[in-house]
Amino acid sequence: MTTTITRLPAGRTARLGLSRIANEVRAYFRQGDSVFFTFLFPVVMLTIFSTAFSNGSFGTDSAGNDVSAAAYYLPGMLAAGLLLSGLQNLAIDIAIERSDGTLKRLAGTPLPVVSYFIGKIGQVLVTGAAQAALLLIVAAVLFGVELPTEAGQWATFVWVFLLGVTTSAVLGIALSRVPRSGKSATSVILPITLVLQFISGVYLPFTQLPDWLQNVASVFPLKWMAQGMRSVFLPDTFESLEQGGSWDLAGVVLVTGLWLVVGLILCRITFRWIRKDS
Amino acid sequence: MINSDVAVSVRDLRKRYGKFVALDGVSFDIAHGETFALLGPNGAGKSTTIEILEGYRDRTSGETSVLGVDPGTGGLAWKARLGIVLQSSGESGNVTVREQLTHFAGIYPHPRDVDEVLAAVGLEQQHKTLMRKLSGGQRRRVDVALGIIGGPELLFLDEPTTGFDPEARRQFWGLIRELKNDGTTILLTTHYLDEAAALGDRAGIIAGGALIDIGTIDAIGGAEARVPVVRWLENGARREQRTAEPATFVARLVSDNGGREVFGLEVVRPSLEDIYLDLVSRFETGERDDSLAATHGVLNQQEATR
């Protein structure tokens, strides 16, 4: 007979969180549809846009050189990757786990909820980073996009990425409560992310949208993530085209950070392992 | 009053879903080291009971204690002492059997050895197989393996052998007997009465949200229900007689037959299944009679008021 355990060892929340990350990443890459629709999707879109609009004119840098379609669309696709890897992936994934019994099984074990969250957010960090790296490689190697050389720009890239991907993941966990079943998850979540991408300057040039739509998009974090990415990858000549004529990195921190806090609060209030008494 | 010296104590447990009464005052205890089988038709309240004890559902009223803890407020240290095999699972299964077991072993403070558990459930051959590629019966064995990987003090088994072939079921019984020998307390629900008889020390029969009988396996239904039945053929017709002295009865049959063999002779002791079916059908007819009586009562009252 096992002896009665009154206390579990300290530090297990973090240890189990790391073990969850390894499990989640492995399972993610074995799931064919998630690899295509969230991992490779931005790469596919970048390839299509860069090829289709290769003769288009997107403006020039300070030296008067034309900016290629691939260079122009890269920041948007990076931002879209943050949204897909975090929000879309987790909202659908967790809704499915809730309805197929994964969460019910975990609820019956001594796994801390926080370890489960660490596993999900860690999975998004790892897959999101791999996705961004792939996008940069494809842009540079296949389409000859010149990547930034200044350390300061890369520093901006890193914090925009980390803030964006974390916010997106946390919002995904919060949104996973919305679909009533795993089957409906994709059809509930996909329209949300699709509309956000269209109004936030991922597929359509943001500056060409009417002012009122720009204002609506400014409420949501994707517009700011895309703006942060543009500040890294587009020449300074593009800054004046932005809303307010500036990259407004303070705004990126403020709005995205606000959504991060809102997401964390929503997770804390709404997350349940199972729908009790359903 | 809750009994805190036992592994599981349930007093006057009630559960309502809106107007539907799923549990209508159920009480029982399970001693430490005991295997208790909870039997009953579909929708009788077995799973509701077990899920309240596992902490998955809230009770409407009554008292419950599981390993000395109220399951409604049980924390992680409490869960570490339980093993739960749910009725069904449909996880996407993009991990191998070994990966899944190793991961779950890590969640418990004193897990069992992964290879030992793989062998115990007979999945050594499939340890590198992705869960989604397993057959239904093999998946069920993974469920059982995940239920025992933490070395639980108390194991919940909700219809554990559904989808097993007869050989796998026998193998599973062996595994459960080993766990019993190690002192594990087990709460089992099953539709296979032979399984309940083979594994259970005691059984409770639940019907319509109430416990209609409870006792040791060989005492369920009372002495009356266990009286053997003698069956034989007489002029081509089936005859049967219940008697507490079957040998004497058969001897008389033979002598009545002029010392000749009696055809189609069998002496049958009612199995747990016979007794169970009898109890449940009597309960269900009883319920119908009650509702008829109630209707009559209303009619009579209406007549009287006229």
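The values are calculated or read from the model by the stated rules, or taken from the named source; none is laboratory data. Just so we're clear, the structure is a prediction, and the values are computed from it rather than from any experiment. Heads up, the Cβs are rebuilt from the backbone with ideal geometry, glycines too, and the neighbour counts pull from every protein chain shown.
At a glance:
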{"item": "Residue match in the stretch A:224-242 (condition: in a helix (DSSP H, G or I), loosely packed, with under 15 Cβ neighbours inside 10 Å and among the β-branched types (V, I, T))", "result": "yes"}
{"item": "Flag for A:L258 being in a helix (DSSP H, G or I), in contact (Cβ under 8 Å) with a residue 60 or more places away in the chain and closer than 26 Å to A:Y116 by Cα", "result": "no"}
{"item": "Count - residues of the stretch A:153-182 that are touching a residue at least 12 places away in the same chain (Cβ under 8 Å) and either farther than 27 Å from A:I96 by Cα or among the basic types (K, R) (or both)", "result": "6"}
{"item": "Among the candidates B:T49, B:T60, B:T96, residue that is more than 25 Å from B:R140 (Cβ to Cβ) and either touching a strand residue (DSSP E or B) at 6+ places or on another chain (Cβ under 7 Å) or within 11 Å of chain A (Cβ to nearest Cβ) (or both)", "result": "B:T60"}
{"item": "Residue under evaluation A:G81, criteria (1) of a type in the set (G, A, S); (2) within 23 Å of B:L82 (Cα to Cα); (3) assigned to a helix (DSSP H, G or I); (4) more than 11 Å from chain B (Cβ to nearest Cβ), criterion not met", "result": "(2)"}
{"item": "Near pairs, Cβ below 7 angstrom, 6+ apart or cross-chain, from the stretch B:124-153 (over 16 Å from A:D100 (Cβ atoms)) to any residue that is among the charged types (D, E, K, R)", "result": "B:H127/B:R98; B:K128/B:R98; B:G137/B:D165; B:I148/B:R112; B:I149/B:R112; B:G151/B:R112; B:P152/B:R81; B:E153/B:R81"}
{"item": "Flag if A:T167 is assigned to a helix (DSSP H, G or I), modelled with pLDDT of 95 or more and touching a Ser or Thr at 6+ places or on another chain (Cβ under 7 Å)", "result": "yes"}
{"item": "Yes/no for A:G128 being within 14 Å of chain B (Cβ to nearest Cβ) and either out of contact with any helix residue (DSSP H, G or I) (no Cβ under 6 Å at 6 or more places or on another chain) or assigned to a helix (DSSP H, G or I) (or both)", "result": "no"}
{"item": "Selection status of B:A44, more than 10 Å from every other protein chain (Cβ to nearest Cβ), of a type in the set (A, V, I, L, M), in a loop (DSSP other than H, G, I, E, B) and closer than 19 Å to B:G208 by Cβ", "result": "yes"}
{"item": "Residue list for the stretch A:190-223, filter: of a type in the set (G, A, S) and part of a loop (DSSP other than H, G, I, E, B)", "result": "A:S200, A:G201"}
{"item": "Residue list for the stretch B:176-196, filter: more than 18 Å from B:S47 (Cβ to Cβ) and either at pLDDT 90 or above or in contact with a Lys or Arg (Cβ under 8 Å, 6 or more places away or on another chain) (or both)", "result": "B:I176, B:R177, B:E178, B:L179, B:K180, B:N181, B:D182, B:G183, B:T184, B:T185"}
{"item": "Answer from A:K183, A:K223 - the residue that is among the basic types (K, R) and within 20 Å of the chain's Cα centre (by Cα)", "result": "A:K223"}
{"item": "Given (1) buried (at least 24 other Cβ atoms within 10 Å of the Cβ); (2) modelled with pLDDT of 95 or more; (3) within 29 Å of B:A105 (Cβ to Cβ), index of the condition A:L87 fails", "result": "(3)"}
{"item": "Qualifying residue in the stretch B:215-235 (condition: under 30 Å from B:D12 (Cα atoms) and at pLDDT 90 or above)", "result": "yes"}
{"item": "Matching entry among A:T270, A:T207, A:T186 (being β-branched (V, I, T), loosely packed, with under 14 Cβ neighbours inside 10 Å and under 19 Å from A:E97 (Cα atoms))", "result": "A:T270"}
{"item": "Residue check for B:V26: touching a Leu at 6+ places or on another chain (Cβ under 6 Å) and either crowded, with 23+ Cβ neighbours inside 10 Å or within 20 Å of B:V69 (Cα to Cα) (or both)", "result": "yes"}
{"item": "From A:I96, A:I48, A:I118, A:I21, residue being free of Cβ contacts under 8 Å to residues at least 40 places away in the same chain and not polar (S, T, N, Q)", "result": "A:I48"}
{"item": "Filtered residues of the stretch A:8-43 (kept if surrounded by 15 or more Cβ atoms within 10 Å (Cβ to Cβ) and of a type in the set (G, A, S))", "result": "A:G17, A:S19, A:A22, A:A27, A:S34"}
{"item": "The stretch B:180-196 - residue that is surrounded by fewer than 19 Cβ atoms within 10 Å (Cβ to Cβ) and assigned to a helix (DSSP H, G or I) and, of those, farthest from the other protein chains (Cβ to nearest Cβ)", "result": "B:D194"}
{"item": "Filter result (in contact with a Lys or Arg (Cβ under 9 Å, 6 or more places away or on another chain) and farther than 25 Å from A:L18 by Cβ) within the stretch B:104-128", "result": "B:A120, B:V121, B:G122, B:L123, B:Q126"}
{"item": "Count of residues meeting criterion [at pLDDT 90 or above and farther than 23 Å from B:I107 by Cβ] in the stretch B:120-158", "result": "2"}
{"item": "Filter result for the condition that a residue is over 17 Å from the mean Cα position of the chain (by Cα), more than 9 Å from chain A (Cβ to nearest Cβ), part of a strand (DSSP E or B) and more than 30 Å from A:T13 (Cα to Cα), over B:L13, B:L38", "result": "B:L13"}
{"item": "Single match in B:L86, B:L82 (criterion: closer than 18 Å to B:V6 by Cα, within 8 Å of chain A (Cβ to nearest Cβ) and crowded, with 22+ Cβ neighbours inside 10 Å)", "result": "B:L82"}
{"item": "Matching entry among B:A210, B:A203, B:A225, B:A219 (being farther than 30 Å from B:L155 by Cα and not β-branched (V, I, T))", "result": "B:A225"}
{"item": "Residue pairs meeting the criteria (Cβ under 9 Å; at least 6 apart or on separate chains; first at pLDDT below 85, in the stretch B:257-286; second assigned to a loop (DSSP other than H, G, I, E, B) and of a type in the set (S, T, Y))", "result": "B:E273/B:Y192"}
{"item": "Check on B:V230, assigned by TED's automatic domain parsing to the domain that holds B:A244 and either over 19 Å from the mean Cα position of the chain (by Cα) or among the acidic types (D, E) (or both)", "result": "yes"}
{"item": "Given (1) under 24 Å from B:S88 (Cα atoms); (2) in contact (Cβ under 8 Å) with a residue 12 or more places away in the chain; (3) within 14 Å of chain B (Cβ to nearest Cβ), index of the condition A:A91 fails", "result": "(3)"}
{"item": "Residues (surrounded by 12 or more Cβ atoms within 10 Å (Cβ to Cβ) and under 13 Å from A:Y203 (Cα atoms)) located in the stretch A:44-64", "result": "A:V44, A:M45, A:L46, A:T47, A:F49, A:S50, A:F53"}
